Amino acid sequence: MNAVLLGYGTVGKGVEILCKNVEGIHLKQVFVLPEFENLPYFSNDGKGMVTADDVDIVFECLSGTEPANTLITLALEHGKHVITSNKATVSPNLERYVEIAERTGGSIQIEASVAGGIPFLDAILKLQKLEEIRGYQGIFNGTSNYILDQMQKNGMELSVALKQAQSMGYAEADPTNDIEGIDVFYKTNITNMLAYNTKNDAIRKPIGITKLNTEDIKMAKANDKVIRHISLSKQKDGEFASIIAPAFLDQGHYLANVPDNYNAQLIYADSFDYLGYFGQGAGQLATAQAMLANAIDTLENRERKICLNHEKKVNESILKADWIVRAKKGLKADKEQSISGNESYYWFEQKDATIIDTIQAFDADAMIALWV
């Protein structure tokens, strides 16, 4: 099969490297920005590349939503097999991509858009065909995990750990998507659609890690807890709910022991209780191998089909948890521990995520986290 590659950044170069290892896939051309054009292998004619009659597979690993969305749409309209790592584009557009692929005979494959090199979505697609997935939880962002791990182990301030993550290439110059949880929001939205076999519905915006400080690390250690940034999701009676937030985890919790920039997930279902996954959630070859695994599925005619044939709605009341909050004094809670100055720690028991609205209305700068 002939393939083209959209994007020649870190992941794109990884795809180019690994394509050489797969017999039966020939990488013809790479789409790059005009200033990097070097015909014929490199080209800025993305539209021409994805509509060419002799192209079967389109690897897409561009940054941002455009021109990625336009080129993915065009490729699918021409019956191509699109393999993408672009969660920012997949998250709001997956329904439409699936509809086009079904109509034209192409396919959309997105393993690399969530959890990088971990075959997490592959497991989700396989398992949900057998039985209802009750839910999942996981660490989906290596940058945030690295920062929190450094804060926990070495007592670093968040700003210092962030600079270190940037120096090591784990964080971008603008780390907003990572530390504010936007990256995890995209991945959670995608996972929900696949796990619950549903069209998109609006989940609550994420809580990132930016409100955490060394005082919170001390509180965690005093209670034998480890802070990690997690996504937590549950399905029940045809509805679902998701929370993306920092979590104070017991030291023995599976996710508490995920070090550095690694990712990990747990999937829940009746027949097996839970399954765990661990590995690199990003990186050049880790992400590229997920894309090539999808390509091999196409080559062997065994893609896992994405079906979004339900319209399940978000019901936050089905997911209740305990919470810890650091906020200014005067907040009514189940338990309070005063801190020097004008702040206290507060605990709330078995509240759904709407408690976040109450807390933020009281103190917009409050640190809000799960207490697991």
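How many of the residues in the stretch 70-87 are under 20 Å from ALA290 (Cα atoms) and polar (S, T, N, Q)?
Residues meeting the conditions: 3.
Considering only helices (runs of 4 or more DSSP H) fully contained in the stretch 2-81, which possess at least 1 residues that are touching a residue at least 60 places away in the same chain (Cβ under 8 Å) and of a type in the set (Lys, Arg)?
By residue number, 10-19.
Tell me, which helices (runs of 4 or more DSSP H) wholly within the stretch 124-236 include 2 or more residues that are open to solvent by less than 10 Å² (accessible area, probe 1.4 Å)?
Details: elements: 142-154, 158-167, 176-179, 182-195, 214-222.
Output list reads 142-154, 158-167, 182-195, 214-222.
In the stretch 316-368, how many are in contact (Cβ under 8 Å) with a residue 24 or more places away in the chain and either open to solvent by 40 Å² or more (accessible area, probe 1.4 Å) or not in a loop (DSSP other than H, G, I, E, B) (or both)?
So the answer is 27.
From the residues in the stretch 1-58 that are open to solvent by less than 60 Å² (accessible area, probe 1.4 Å), hydrophobic (A, V, I, L, M, F, W, C) and farther than 27 Å from ALA282 by Cβ, which one is farthest from the chain's Cα centre (by Cα)?
Here the residue is ALA52.
Quick one: GLY208 ticks every box in (1) touching an Asp or Glu at 6+ places or on another chain (Cβ under 7 Å); (2) small (Gly, Ala, Ser); (3) more than 19 Å from MET156 (Cβ to Cβ) except a single one, so which number is it?
(3)
Could you check the stretch 195-237 and list, in sequence order, the residues that are at pLDDT 95 or above and of a type in the set (Gly, Ala, Ser)?
Matches in the stretch 195-237: ALA195, GLY208, ALA220, ALA222, SER231, SER233.
Restricting the stretch 291-313 to residues that are among the β-branched types (Val, Ile, Thr) and surrounded by 17 or more Cβ atoms within 10 Å (Cβ to Cβ), which is nearest to LYS234 (Cα to Cα)?
ILE306
Consider PRO92 carefully, then state whether it is in a helix (DSSP H, G or I) and either at positive phi or not hydroxyl-bearing (Ser, Thr, Tyr) (or both).
Yes, satisfied.
Residues of the stretch 237-249 being under 14 Å from ILE324 (Cβ atoms) and exposed (fewer than 14 other Cβ atoms within 10 Å of the Cβ), which ones? Walk me through it before giving the result.
Kept after step one, since they are under 14 Å from ILE324 (Cβ atoms), are these residues of the stretch 237-249: 243, 245-249.
Once the filter is applied, which keeps residues that are under 14 Å from ILE324 (Cβ atoms) and exposed (fewer than 14 other Cβ atoms within 10 Å of the Cβ), the stretch 237-249 yields nothing.
So, in the stretch 242-259, exactly how many residues are in contact (Cβ under 8 Å) with a residue 60 or more places away in the chain and more than 22 Å from SER113 (Cβ to Cβ)?
7
For the stretch 263-281, which positions are open to solvent by 70 Å² or more (accessible area, probe 1.4 Å) and touching a residue at least 40 places away in the same chain (Cβ under 8 Å)? Before you say what the answer is, go through the steps one by one.
Filtering the stretch 263-281 for residues open to solvent by 70 Å² or more (accessible area, probe 1.4 Å) gives 270-271, 273-274, 278.
Correct list: ASP270, SER271, PHE278.
The values are calculated or read from the model by the stated rules, or taken from the named source; none is laboratory data. What you see is a predicted model; the values in this text were computed from it and never measured. No Cβ is skipped: glycine too gets one built from the backbone with ideal geometry, and neighbour counts run over all protein chains shown. We work out accessible area using only protein heavy atoms, side chains counted, and drop any ligands, DNA or RNA first. Shrake-Rupley method; radii C 1.70, N 1.55, O 1.52, S 1.80 Å.
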